[in-house]
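Take a look at the structure set out below.
The values are calculated or read from the model by the stated rules, or taken from the named source; none is laboratory data. Here the structure is a predicted model, which means the values were calculated and not measured. Counting neighbours? That spans all protein chains shown, and the Cβs are built from the backbone with ideal geometry, glycine included.
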Amino acid sequence: MPPLNETPRLKQLEDFAGRLRALGVYPEIPVVDGAATEPVIEVDGEDYLLFCSNNLLGMSSHPEVKAAAGAAVEKYGLGSGGSRMMAANMDVHVRLEARIAEFLGRESAICFTTGYMANVGTIPALMKMNFLASLDLADMARDFAEMRRDWRQSAPWDVFSEEANHASGVDGIRLSRATPHIYGHKDMAELEAALEASAGDAKLIISDGVFSMDGDIAPVPEMVKLAKQHAALVMIDDAHGIGVLGTNGRGTLEHHGVDPDGVEILMGTFTKAFGGIGGFVAGKQALIDYLRISARTYIFSAPLPPAIAAGLIASVDIVSREPWRREKALESAALFRNEVQASGFDTLGSETHIIPVLIGREDDARRVTEELHRRNIIAPNVRFPAVPVGRSRIRFVMTSSHTREQINYLLKSLKEIKSQLNP
C-alpha cells in the first residue's frame, strides 16, 4: 500500500491545487493581526483600509456589546456544553430569540449557530412537513419505524428558487431532495409562469432579500402577490437587509412596506448588522415550534456560545435605538456608488451597502485586488464559481465606521487602477 500522501485521490487534490496556484487564481488571503472588523486593520505590521467587513454598524467592537459578552463569559464560561435539546437550553438563548422576534415584530424566533445552518436546517425541515404530519403518533414504536423510511414517499413540495440566492439556500434545497424551479434574477414573469405550471399541492418561494453579490433588492411585494394567488409560502433570506434597511431596521420587508404576514418564513443572521455570528428564523409560533423538533442543524448541534448570545442582545438594543448607524452606512454607500459610476465602473444595479464593481475577466480582477493591496487597501475579488465566468468583480461593503477620507482614497485608487487596465 502506498503512503497516505501518495494515494491517487490525494495526489489528484494536490495536482489540482498546484494548477490553481500556477495560474495565479488560488486565493491568497492576508492574515490579520487583530480584529478583522474595523475600517483599519493590521497585516504584517502595516495598516490597511478594509472594505469587505460585514461589521456593518460597528457592533462587533461596541463597548456595551463587549461588556455584555465579557460578563457572560464570567457567568456561563466559554462553550454551551451540548445541544439545546439536551441540557444547553440556557436563559440567554431564550432571551436572544425573544429579543430578535420583538425587533422584527414576529411572534417567535429560533436561533442557529450560523446563518448557513439556519438555511440548511430550515428548508429540508419544511419539505418533511407533509410526511411527519401523516404519522400516527399514538404508536411510538410504529412511528419510529415509519420515520426511518425514506420520507420522499410523501408528496414533494414545489420549490421556486431565485437564481442569485445565497449558497446556503441552494444547499438547503439540495439537502431537502426537492426539485427546484430556478427562475431568473428578479424575473417575476418567469416566476409567475413556473407557479402557473405547477400542479403541486405545496409550494415554496425562496429568495434573498438583498443579493449578496450584486447589492440589489428583491421585488418582495410582487413575490408576495404571486404567492397569494398560487397558495405558496414565501421564505426570504434577509441576511444583508435586517438591521440596515427600513425605517426601524427590520429589513427588506419594511423597506418595501410589505405586511410581515405575507412572508411566512423570515431568515436572518447576526453576522452583519449585529456584529456577531449566528442565524435565525422568525415567524409564527407554530412554525418555530415545528422547526425545534425537525431542523437537524438545531437538534444535533451546539447552540451559540452564551457570551455571543449575550453580546447580541446588547447589539440588537443598540441598533434599535441608534438609527444613525444604518443611515450613515447607506449614505456612504450612495456616495461611493455615485462616484465610482461617474468614473466609468458598472455597479450592477446595487441599491444597498454592498457595491460590486464589475471588472469582468478573472485575471483583471486579480490585478485590481493586487493593485489595491499595494495601496494598502483590502478588497478581495469575487470570481467563478461565486459569480459567472467573465463577471468577476470587486465587492465593496460600506459600513457606518468608514470616513469620507477613507472612501475618497479608495475612489482615487480605483481611478488610477482603471487607467492601467484600459490604457
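Some observations on this one:
- Applying the condition of being of a type in the set (Gly, Ala, Ser) and touching a Gly at 6+ places or on another chain (Cβ under 9 Å) to region 102-134 and asking which residue is farthest from Asn165 (Cα to Cα) yields Ser108.
- Set side by side, the residues Glu74, Glu97 differ, and just one is surrounded by 14 or more Cβ atoms within 10 Å (Cβ to Cβ) and of a type in the set (Asp, Glu), which is Glu97.
- Filter result for the condition that a residue is at pLDDT 90 or above, out of contact with any strand residue (DSSP E or B) (no Cβ under 6 Å at 6 or more places or on another chain), outside the structural domain of His255 (by TED's automatic domain parsing) and buried (at least 21 other Cβ atoms within 10 Å of the Cβ), over Ser401, Ser343, Ser392: Ser401
Conditions (1) free of Cβ contacts under 8 Å to residues at least 60 places away in the same chain; (2) small (Gly, Ala, Ser), marked per residue:
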| residue | (1), (2) |
| --- | --- |
| Ala329 | no, yes |
| Asn338 | yes, no |
| Asp346 | yes, no |
| Glu362 | no, no |
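- Within region 1-25, considering residues that are under 31 Å from the mean Cα position of the chain (by Cα) and modelled with pLDDT under 85, the one nearest to Ser392 (Cα to Cα): Val25
- Number of the exception - Ile359 against (1) at pLDDT 95 or above; (2) aliphatic (A, V, I, L, M); (3) farther than 24 Å from Ala273 by Cα: (1)
- Total residues in region 264-301, condition out of contact with any Gly (no Cβ under 8 Å at 6 or more places or on another chain), assigned to a helix (DSSP H, G or I) and aliphatic (A, V, I, L, M): 4
Residues checked against (1) free of Cβ contacts under 8 Å to residues at least 24 places away in the same chain; (2) more than 21 Å from Tyr290 (Cα to Cα):
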residue	(1), (2)
Gly70	no, yes
Tyr76	no, yes
Ser83	no, no
Met86	yes, no
Val94	yes, no
Ile100	no, no
Ile110	no, no
Thr114	no, no
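- Residues satisfying the stated conditions in region 243-299, i.e. of a type in the set (D, E, K, R), closer than 20 Å to Phe211 by Cβ and surrounded by fewer than 21 Cβ atoms within 10 Å (Cβ to Cβ): Glu254
- Residues that are closer than 16 Å to Glu351 by Cβ and either buried (at least 19 other Cβ atoms within 10 Å of the Cβ) or among the hydroxyl-bearing types (Ser, Thr, Tyr) (or both), drawn from region 218-235: Ala218, Val220
- Flag set for Val258, criterion: farther than 13 Å from Thr352 by Cα, under 21 Å from the mean Cα position of the chain (by Cα) and assigned to a loop (DSSP other than H, G, I, E, B).
- When region 41-71 is limited to residues that are at pLDDT below 95 and among the β-branched types (Val, Ile, Thr), the one that is surrounded by the most Cβ atoms within 10 Å (Cβ to Cβ) turns out to be Ile41.
- Odd one out for Arg326 among (1) under 28 Å from Ala218 (Cβ atoms); (2) touching a strand residue (DSSP E or B) at 6+ places or on another chain (Cβ under 6 Å): (2)
- Residues of region 17-38 satisfying the condition of being of a type in the set (A, V, I, L, M), loosely packed, with under 11 Cβ neighbours inside 10 Å and within 30 Å of Ser401 (Cα to Cα): Ile29, Val31
Residues are listed down the side, and each one gets a yes or a no for (1) modelled with pLDDT of 95 or more; (2) outside any loop (DSSP other than H, G, I, E, B); (3) touching a strand residue (DSSP E or B) at 6+ places or on another chain (Cβ under 8 Å); (4) not aromatic (Phe, Trp, Tyr):
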| position | (1), (2), (3), (4) |
| --- | --- |
| Asn165 | yes, no, yes, yes |
| Ser168 | yes, yes, yes, yes |
| Leu175 | no, yes, no, yes |
| His181 | yes, yes, yes, yes |
| Ala189 | yes, yes, no, yes |
| Ala194 | yes, yes, yes, yes |
| Asp201 | no, no, no, yes |
| Ile206 | yes, yes, yes, yes |
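- Some residue of region 183-196 being touching a residue at least 40 places away in the same chain (Cβ under 8 Å) and in the same structural domain as Gly311 (by TED's automatic domain parsing): no
- Within region 308-320, not a single residue is touching a Ser or Thr at 6+ places or on another chain (Cβ under 7 Å), crowded, with 18+ Cβ neighbours inside 10 Å and of a type outside the set (Ser, Thr, Tyr).
- Residue match in region 285-294 (condition: assigned by TED's automatic domain parsing to the domain that holds Val92, at pLDDT below 95 and among the aliphatic types (A, V, I, L, M)): yes
- Only one entry in Leu304, Leu312 is under 22 Å from the mean Cα position of the chain (by Cα), outside any helix (DSSP H, G or I), modelled with pLDDT of 95 or more and in the same structural domain as Leu96 (by TED's automatic domain parsing), namely Leu304.
- Looking only at region 256-290, residues that are more than 18 Å from Leu56 (Cα to Cα) and among the β-branched types (Val, Ile, Thr) come to 5 in all.
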